Amino acid sequence: MRKNIVAGNWKMNNDLDASKELVKGIKKSIKKLDLKNTRVVVAPTFVNLLSVAKKAKKSRIEVAAQNMHQADNGAFTGEISADMLKSVGVKSVILGHSERREYFGETDELLAKKVDQALKNKMEVIFCFGEKLEERKADNHFKVVESQLKNALFHLEAKAWKRIVLAYEPVWAIGTGETATPDQAQEMHAFIRKLIVDKYGDEVAENVSVLYGGSVKPDNAKEIFSKPDVDGGLIGGASLKVEDFVKIIKAAE
């Protein structure tokens, strides 16, 4: 049975003190909640992972990294390996975020290698994908999403999908204030799940959490999360405020 997940991607925000305060506030607030079917994840910047992981101990909060290199180790200045992440208690990693694709040129082929590396190290992957505005306007959004998924993930064996979480993020709705309607989100999420059914069968598809990642806020979260194929969200700006993030968590449960 798949779980709902509310994951906060903090991006390049929050110094050490701000990160500690934020996770402390989330920890205190969700301690009072009876979360039976919702996982809570936060993804701080690399330099704050260890401190946030320590603060999150003995709580419902899981800590993920925002990126990871595809090699075990080596002369890759500025990069972070799976072993490094695991050594500070991080067991999940976000891969394929649209900002990594857009600003750092990450391709489906590169992401396939990163996914393989994460799975080899028994890490969970929160895999991001989604179309740009011009691709949706050209009615190519389904083709784009299908291509991204097949190129980066469909080489995996069925058992590997136990460590895969999908995050559909329409690029035109990230940080823009624009949001796909709940029906648009459901339409794409149902399409995604059907792709997995066709490749791997019903059991794999029914157990994969598919998150929505496009300007989710406290006032629209409940309606978006109410759709049958939307299993929570990858949250950007709203994850930087304790009150907003906790309201979104409540909406998922």
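The values are calculated or read from the model by the stated rules, or taken from the named source; none is laboratory data. In this text, all values refer to a predicted model and were calculated from it rather than measured experimentally. Cβ atoms come from the backbone with ideal geometry, glycine included; neighbour counts cover every protein chain shown.
Hey, can you tell me all the residues within the range 49-97 that are in a loop (DSSP other than H, G, I, E, B), over 19 Å from the mean Cα position of the chain (by Cα) and either of a type in the set (D, E, K, R) or exposed (fewer than 15 other Cβ atoms within 10 Å of the Cβ) (or both)?
Listed by number, the residues that qualify are LYS57, LYS58, ALA71, ASP72, ASN73, GLY74, ALA75, PHE76, THR77, GLY78, GLU79.
If you go through the range 29-45 one residue at a time, how many are within 22 Å of ASN14 (Cα to Cα) and in contact with a strand residue (DSSP E or B) (Cβ under 7 Å, 6 or more places away or on another chain)?
The total comes to 5.
Hey, can you tell me all the residues within the range 109-127 that are touching a Lys or Arg at 6+ places or on another chain (Cβ under 8 Å) and in a strand (DSSP E or B)?
Within the range 109-127, GLU124, VAL125 qualify.
Go through (1) crowded, with 23+ Cβ neighbours inside 10 Å; (2) at pLDDT below 95 for LEU35 and report which single condition fails.
The one condition LEU35 does not meet is (1).
I'm told HIS155 meets every condition in (1) surrounded by fewer than 21 Cβ atoms within 10 Å (Cβ to Cβ); (2) more than 24 Å from GLY201 (Cα to Cα); (3) more than 16 Å from the chain's Cα centre (by Cα) except one. Can you identify the failing condition by its number?
(2)
Within the range 98-108, how many residues turn out to be free of Cβ contacts under 8 Å to residues at least 24 places away in the same chain and either in a helix (DSSP H, G or I) or under 15 Å from the mean Cα position of the chain (by Cα) (or both)?
Residues flagged as free of Cβ contacts under 8 Å to residues at least 24 places away in the same chain and either in a helix (DSSP H, G or I) or under 15 Å from the mean Cα position of the chain (by Cα) (or both) within the range 98-108 amount to 3.
May I ask you to list the residues in the range 122-146 that are touching a residue at least 24 places away in the same chain (Cβ under 8 Å) and among the β-branched types (Val, Ile, Thr)?
Once the filter is applied, which keeps residues that are touching a residue at least 24 places away in the same chain (Cβ under 8 Å) and among the β-branched types (Val, Ile, Thr), the range 122-146 yields VAL125, ILE126, VAL145.
Answer with yes or no whether ALA180 is over 25 Å from VAL63 (Cα atoms) and modelled with pLDDT under 95. Show your work before the answer.
Working: over 25 Å from VAL63 (Cα atoms): yes; modelled with pLDDT under 95: yes.
Yes: the conditions hold for ALA180.
Could you check the range 222-240 and list, in sequence order, the residues that are more than 17 Å from MET1 (Cα to Cα) and crowded, with 24+ Cβ neighbours inside 10 Å?
ILE224, GLY233, LEU234, ILE235, SER239
Tell me, which strands (runs of 3 or more DSSP E) lie completely within the range 139-253 with 2 or more residues that are among the hydrophobic types (A, V, I, L, M, F, W, C), within 26 Å of ASN121 (Cβ to Cβ) and in contact with a Gly (Cβ under 6 Å, 6 or more places away or on another chain)?
Here the list reads 232-235.
So which residues in the range 210-248 are modelled with pLDDT under 95 and on the phi > 0 side of the Ramachandran plot, if there are any at all?
Within the range 210-248, just SER215 meets the criteria.
Residue check: is VAL171 at pLDDT 95 or above, closer than 16 Å to LEU211 by Cβ, buried (at least 20 other Cβ atoms within 10 Å of the Cβ) and among the aliphatic types (A, V, I, L, M)?
In short, no.
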